[in-house]
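Here is the structure we will look at, set down as structure tokens.
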Number of protein chains: 2
Amino acid sequence: MSVTAPAPRVAGAPSGGEDALAALTALLRPDLEACNRLIVERMQSPVALIPQVAAHIVAAGGKRLRPLLTLAASRLCGYPGTEAGGTRHVALAACVEFIHTATLLHDDVVDESALRRGRASANALFGNKPSVLVGDFLFARAFQLMTDDGSLEVLSILARASATIAEGEVLQLVTANDTATTEAQYLEVIDGKTAALFAAATRVGAVLAERPAAEAEALDRYGRSLGVAFQLVDDALDYSAVEAELGKTVGDDFREGKITLPVLLAFERGDESERGFWRRTLEAQEQREGDLGQAIALMQRHGALADTVRRARHYGDEALEALRAFPDAPMRRAMADIVEFCIARAR
Amino acid sequence: MSVTAPAPRVAGAPSGGEDALAALTALLRPDLEACNRLIVERMQSPVALIPQVAAHIVAAGGKRLRPLLTLAASRLCGYPGTEAGGTRHVALAACVEFIHTATLLHDDVVDESALRRGRASANALFGNKPSVLVGDFLFARAFQLMTDDGSLEVLSILARASATIAEGEVLQLVTANDTATTEAQYLEVIDGKTAALFAAATRVGAVLAERPAAEAEALDRYGRSLGVAFQLVDDALDYSAVEAELGKTVGDDFREGKITLPVLLAFERGDESERGFWRRTLEAQEQREGDLGQAIALMQRHGALADTVRRARHYGDEALEALRAFPDAPMRRAMADIVEFCIARAR
């Protein structure tokens, strides 16, 4: 993408990302199907509203990217698949999805989002109250599943990740509307709110398979870098995606005054009048018709979207590097291709 | 209290309840002080807003009733006190308080409460977003503390209690505004939202001290019955307390359309025109000036508040009965007196 290109899309990776997700899903089909069954089974409750709200977000759609990563990392480390009697990776993949879903339910309340994956969000459909409480329920269920699994090391990894996610979300609140946010602070936010769960989701694979600490570290690095790349692309897409494809409203971050990397880069590279625009729209939250278009134009003028994706590619390369700790195999190749999938969304 | 008495207070237990709390606190002072230190230490985060919000609710005030119960139950079972090198009961008491605090933060968001313990609620002061997220943080911290403690049995007890609390809260949402709620459904709500954590808080004491299952069961019964009694009195106080003493706004439940036992009893015993009043005010939520006074008058006419406290006394007796599994000792007597404390609030 040229820095002056008018099209509101981010250039970058070649196509083929979706194929990578399909390939990993195919490789793990029996495991993922067992995970989906467990998710549906364990979100049940005699209180009927709980599975209703949970089904809306957990059972319907979603790429299952995080649980797929847990399944993949476990199998990469030699943990047996479902056909060979492996069940723990399935349970932990369900935990990871429950924790993720709980944070989505709470995020949508915090962000007052009306849409999630292109459909009405749970809070829009059921109200904020059930969203908060069903999030709590799913979080507790995740810890019940982990306790049943019985590994204190896994519990420690996912409890720490859960605390870090909350810290990242609060830090995001604190930096919202503040154009003086530094890139380091922004990276801390996304490391917490997104990358911590990716890192935990992959790290537990090595724990399950009782592999040496170096492999757990390598999977943590893979997951964390992948999570950062994923979030950077997400933040670029918020200013560039085609709504129907992304399944979320373009401009959400802008309307909420979230300070993401594209904004930071455009602010940093802009002149005083441009900085005035960002301060008015994001700090003072005085937004007028046409402001989103103007924001996108400024980002393009300064290459902010292309550079955000470029950084995502850097973190993607780190994720690929971490995979070198493992011998070449179909699972490793599929996990490498997932890096491409995360970045190619910004096509 | 006579059924026609005009005073808006609930009669019942003799005084002396506060003394019981002071006595238990005195008996456990070094343990409680260690617990308070641990709470302050473990609610820290590099994200400054987290300890700020947490301090507002966790560090400032509150009776610490639930952690006191964990400390007391542990000591009753022979677990050594802080002076004798015991530390696990302190850590688990802090977990219990973190879980409780997380639910308070989320409850206040769900109930849109402006006051908590007589001060501005966290959501009123900091907004709903930090309240949701700091609640999540404290919940995760509780599980980190439990993981550090390392008992899978304790983890299982508190994870199950956490899921049950969320179920009780959702059930309360579902039955809100519904005057056709049965007493059994109401008891299910309070068993979940309140009694489950009391039961878990006391049960873990027997687990720590490695006592036989019968003692764990007895402590579970003590905590659960005490929790039900506590909540019944709370529900009566919402229509009868002196605001400054209770530290919450009288009439909160009424304004929110919560269906509690005093309402159920008054509804059941009322004539058609009275039922019309309850349907208008709680189901249709059409409330006018003077309606709260009218609600209190109807409850008094039918002895609904006195009978609610009478039922609390029944559950209190069950709690006392459960304590018989343990030999007479100062700690057992102090725990028995706490039953009186919970009920005597409705004086």
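Remarks
- The set of residues in segment B:45-82 being touching a residue at least 40 places away in the same chain (Cβ under 8 Å) and of a type in the set (Val, Ile, Thr) consists of B:ILE50, B:VAL53, B:ILE57, B:VAL58, B:THR70, B:THR82.
- Complete set of residues in segment A:330-347 that are β-branched (Val, Ile, Thr) and either assigned to a loop (DSSP other than H, G, I, E, B) or within 14 Å of A:HIS314 (Cα to Cα) (or both): A:VAL339, A:ILE343
- Considering each residue of segment A:57-77 in turn, at least one proves to be of a type outside the set (Ser, Thr, Tyr), in contact with a strand residue (DSSP E or B) (Cβ under 9 Å, 6 or more places away or on another chain) and surrounded by 22 or more Cβ atoms within 10 Å (Cβ to Cβ).
- Looking only at segment A:17-47, and only at residues there that are open to solvent by less than 60 Å² (accessible area, probe 1.4 Å), in a loop (DSSP other than H, G, I, E, B) and within 14 Å of chain B (Cβ to nearest Cβ), the one that is farthest from A:CYS342 (Cα to Cα): A:VAL47
- Filter result (open to solvent by less than 10 Å² (accessible area, probe 1.4 Å) and not small (Gly, Ala, Ser)) within segment B:95-108: B:CYS95, B:VAL96, B:GLU97, B:PHE98, B:ILE99, B:THR101, B:LEU105, B:HIS106, B:ASP108
- Residue in segment B:322-329 that is open to solvent by 40 Å² or more (accessible area, probe 1.4 Å) and in a helix (DSSP H, G or I) present: no
- Each residue in segment A:147-181 was checked for being touching a residue at least 24 places away in the same chain (Cβ under 8 Å) and more than 22 Å from B:GLU169 (Cβ to Cβ), and 20 of them qualify.
- One residue stands out among those in segment B:83-113 that are more than 19 Å from the chain's Cα centre (by Cα) and free of Cβ contacts under 8 Å to residues at least 24 places away in the same chain: the one that is nearest to the other protein chains (Cβ to nearest Cβ), which is B:GLY85.
- Checked against (1) surrounded by fewer than 19 Cβ atoms within 10 Å (Cβ to Cβ); (2) among the small types (Gly, Ala, Ser); (3) under 21 Å from the mean Cα position of the chain (by Cα), A:ALA213 passes all but condition (3).
- Whichever residue in segment A:78-94 is farther than 19 Å from A:LEU323 by Cβ and not in a helix (DSSP H, G or I) and, among such residues, is most open to solvent (accessible area, probe 1.4 Å): A:THR87
- Extreme residue, nearest to A:VAL204 (Cα to Cα), among residues of segment A:48-73 that are among the hydrophobic types (A, V, I, L, M, F, W, C) and in a loop (DSSP other than H, G, I, E, B): A:ALA60
- Scanning segment A:140-153 finds no residues that are among the small types (Gly, Ala, Ser), in contact with an Asp or Glu (Cβ under 8 Å, 6 or more places away or on another chain) and open to solvent by less than 40 Å² (accessible area, probe 1.4 Å).
The values are calculated or read from the model by the stated rules, or taken from the named source; none is laboratory data. Not measured: the values here are computed from a predicted model. Please note: Cβ atoms are built from the backbone with ideal geometry, for glycine as well, and neighbour counts cover all protein chains shown. Ligands, DNA and RNA are stripped out before the accessible areas are found, and what is left, the full protein with its side chains, is counted by its heavy atoms. Shrake-Rupley method; radii C 1.70, N 1.55, O 1.52, S 1.80 Å.
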